[in-house]
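Student: Sharing a structure, written as structure tokens. Questions coming.
No value in this document is a laboratory result; all are computed from the given coordinates. Nothing here was measured: the structure is a model prediction, and the numbers come from that model. Cβ placement follows ideal geometry from the backbone for every residue including glycine, while neighbour counts extend to all protein chains displayed.
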Amino acid sequence: MSESRARRRAVGLVAMSALAVMLTGGPAHAAAGDTVRINEVVTTGDVNDSIELYNTGAAAVDISGWILKDNQDSSKYTIASGTTLAAGGFRAFDVHSSFGLGSADSARLYHGSTLVDSFSWTEHSDPSWSRCPDGTGAFAQAAAITLGGPNSCGGAGTTPVAWPGSATVTTADGSNVFGEDLSGLYQEGSVLWAAQNSGKLWRLVRNGTGWKPDTSSGWTSGKTLRYPNGSGTPDDEGVTLTGAGSAGGVFVSTERNADASNTSRTSVLRYDVSGTGSTLTATREWNLTADLPPVGANLGFEGITWIPDSALTGLVDSATGSAYDPSRYGSHTGGVFFVGVEGTGMIYGYVLQDSGAFTRIASISSGMASVMELQWEPQTSRLWVVCDDTCDGQHRTMQINASGAFATTAVYNRPSGMPNYNNEGFAIAGADECSAGSKPVYWSDDSDDGGHALRRGTITC
């Protein structure tokens, strides 16, 4: 995204402040053994009105046909047939098409005519009414929306700590090579792939401890990207590969067609990069716009990463309410694509099938105002979530917890030797580059500060 930093800070970010909570009577429960509870409520902001349920029990619960209501009996959202809530599982329901949640309202859960649980409030969520601890604690205003995962209740892993590597950061490109708008990065051994917002993909090769454009096969000035019909200018923000490497295609996340810049188009595009031409036409587009809450045209997909199915053992599939089973989705690259949204700070996991079909299996709150980059680090089985100068260059790591959801394990400040650059890309070297306990990482600076768009640092192995 190439808008000014000040404008990005002002657009699409949710103000966070502490408000008092008032419960209008305690919830009534269907029976002593019921384990399903209302766990989080969102009534305002960039996310549609939503109610999250949490199963406190040790066994899955079939919640098919259960009903969600606000404070009006005529307002009803019926949970779809075949919906189960796994033990310790979270499931969020977007209810805005059935009823709205007001500033003084209630969320009620019914099983038939029996009231299972309820929560009432006198102020809008700011940004989230959340139970802490999950399922059992009192409701209060939480610092982040965490629909589909554990609530943001503070504690271990949420306090920022020093960068886990060298404080020193150096330039990793020549002077004035790329200009502005360099965004997503992905390292594939001796190649660094880079997405530029102007509809361009770069293939970079090593230049000492840095990188330079590949001068072979038409890559000297980067290659122009097009949609599958050969038209348009994808506003490409992120780039990733699957387990097949670039031979299996390069996957790019986009937030809009720059030729229709006022319209959101949150898509993932696949490109065959084996040719020598100067233009790449996508071989497949998965347009996910209609499946997600609306965002501003320039506040959509920023980061993208691919996680192999084998690393997702224990993840609860939000589409089924049970453990993720890749066999139910047919041919799909052998993994799941996770995309980050700038405008909301949300992360979504999608199975993108070879046929063009797709299924959302995870909705994760990053706990940050914006997500600009995602990177899966296989050596440590952790997901890196990166924000730009909007969040002072904060990085977070997430892993699958015992409840089957991605949860924050650490929050890192940017290296102390790096100014608060507009970093929109982040790449991590492989384990083969570990030396004396450290390995390289790279950032791309969308603003090209000082005529440099790439910088190099380290993290511990």
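Student: Using every alpha carbon pair in segment 252-405, what percent of pairs falls into each 5 Å bin from 0 up to the bin containing the largest distance?
Tutor: Going out from 0 Å in 5 Å bins, segment 252-405 shows 2, 9, 18, 21, 21, 16, 9, 4, 1, 0 percent.
Student: First select every other residue whose beta carbon is under 11 angstrom from the beta carbon of Asn71; then total the charges, Lys and Arg +1, Asp and Glu -1.
Tutor: Cβ neighbours under 11 Å give a net charge of -1.
Student: Tell me the net charge near Asp325. Cut-off is 10 Å between Cβ atoms, Asp325 excluded, with +1 for each Lys or Arg and -1 for each Asp or Glu.
Tutor: Numbers: positive: Arg328; negative: Asp309, Asp317.
Every neighbour counted, the sum reads -1.
Student: Another question about this same structure. Going by amide H atoms built from the backbone, whose H comes under 5 Å of the H on Ala362, apart from near neighbours?
Tutor: Ser318, Gly349
Student: For segment 170-460, would you read off the P(r) tail past 26 Å as a percentage of all alpha carbon pairs?
Tutor: Working: 16069 of 42195 pairs.
The share of Cα pairs beyond 26 Å in segment 170-460 comes to 38 percent.
Student: In whole Hz, what ³J(HN,Hα) sequence does segment 284-295 give by Karplus (6.51, -1.76, 1.60; θ = phi - 60°), x for Gly and Pro?
Tutor: The phi angles translate into 6, 10, 10, 7, 9, 3, 6, 8, 10, x, x, 9 Hz.
Student: Once you have the Cα-Cα distance between Ser113 and Ser435, take 0.36 nm times their residue separation minus that, and quote the gain in nm to one decimal. Could you put the intermediate results ahead of the total?
Tutor: Values: separation 322, 0.36 × 322 = 115.92 nm, distance 6.38 nm.
Between Ser113 and Ser435, full extension yields an extra 109.5 nm.
Student: List the residues, sorted by chain then number, that are 5 or more residues from Ala410 or on another chain and whose placed amide H is less than 5 Å from its amide H.
Tutor: Thr397
Student: Do you know the relative contact order of the chain, to the nearest whole percent, from alpha carbon pairs under 8 angstrom that are 6+ apart?
Tutor: Numbers: 1311 pairs, mean separation 71.4, N = 461.
Over the chain, the number comes to 15 percent.
Student: Given H placed 1.01 Å from N in the peptide plane, which residues other than close sequence neighbours of Val336 have an amide H under 5 Å from its amide H?
Tutor: The list, which skips near neighbours in sequence, is Ile307, Asp309.
Student: For the chain, which span is the longest to avoid every loop-located (per DSSP) member of GluC sites (Glu not before Pro) having at most 16 other Cβ atoms inside 10 Å? Walk me through the numbers on the way to the answer.
Tutor: Working: sites that count: Glu3, Glu123, Glu180.
In the chain, the maximal stretch lacking such sites is 181-461.
Student: Follow-up question, since we're still on this one. Going through segment 39-136, which trypsin sites (Lys or Arg not before Pro) have at most 16 other Cβ atoms within 10 Å and a DSSP loop state? Please report the intermediate quantities before stating the final value.
Tutor: Working: sites: Lys69, Lys76, Arg91, Arg108, Arg131; in loops: Lys76.
Of the trypsin sites (Lys or Arg not before Pro), the ones in loops of segment 39-136 whose Cβ has at most 16 other Cβ atoms within 10 Å are Lys76.
Student: Please compute the net charge surrounding Ser50, taking Lys and Arg as +1 and Asp and Glu as -1 over other residues with Cβ under 9 Å from its Cβ. Write down the numbers at each step before the final one.
Tutor: On the way: positive: none; negative: Glu40, Asp49, Glu52, Asp94.
Local charge sum for Ser50: -4.
Student: Follow-up. Counting only helical runs of four or more DSSP H residues, what would the 222 nm mean residue ellipticity of the chain come to if each run contributes -39,500 (n - 2.57) and the total is spread over all its residues?
Tutor: About -500 deg cm²/dmol.
Student: How large is ³J(HN,Hα), in whole Hz, for each residue of segment 339-356 in order, when computed from phi with the Karplus curve 6.51 cos²θ - 1.76 cosθ + 1.60 and θ = phi - 60°, using x for Gly and Pro?
Tutor: Residue by residue, segment 339-356 yields 10, x, 9, 5, x, 10, x, 8, 10, 10, x, 10, 8, 9, 7, 4, 6, x Hz.
Student: Here is a further query. Pulled fully out, how much extra length does the chain show between Ser331 and Asn262, if you take 0.36 nm times their separation in residues and subtract their Cα-Cα distance?
Tutor: Details: separation 69, 0.36 × 69 = 24.84 nm, distance 3.42 nm.
Fully extending the segment from Ser331 to Asn262 adds 21.4 nm.
Student: Counting Lys and Arg as +1 and Asp and Glu as -1, each charge on the Cβ, what is the dipole of segment 170-460 about the Cα centre in debye, to the nearest 20?
Tutor: Values: 18 positive and 31 negative charges, 98 e Å.
The dipole of segment 170-460 has a size of about 480 debye.
Student: Just how far, in whole angstrom, is segment 237-306 from segment 52-108 if you go by their alpha carbon centroids?
Tutor: Spelled out, the Cα-based centre of one part sits 33 Å from the other.
Student: Sort out for me the Cα centre separation of segment 361-382 from segment 310-337, rounded to whole Å.
Tutor: 17 Å
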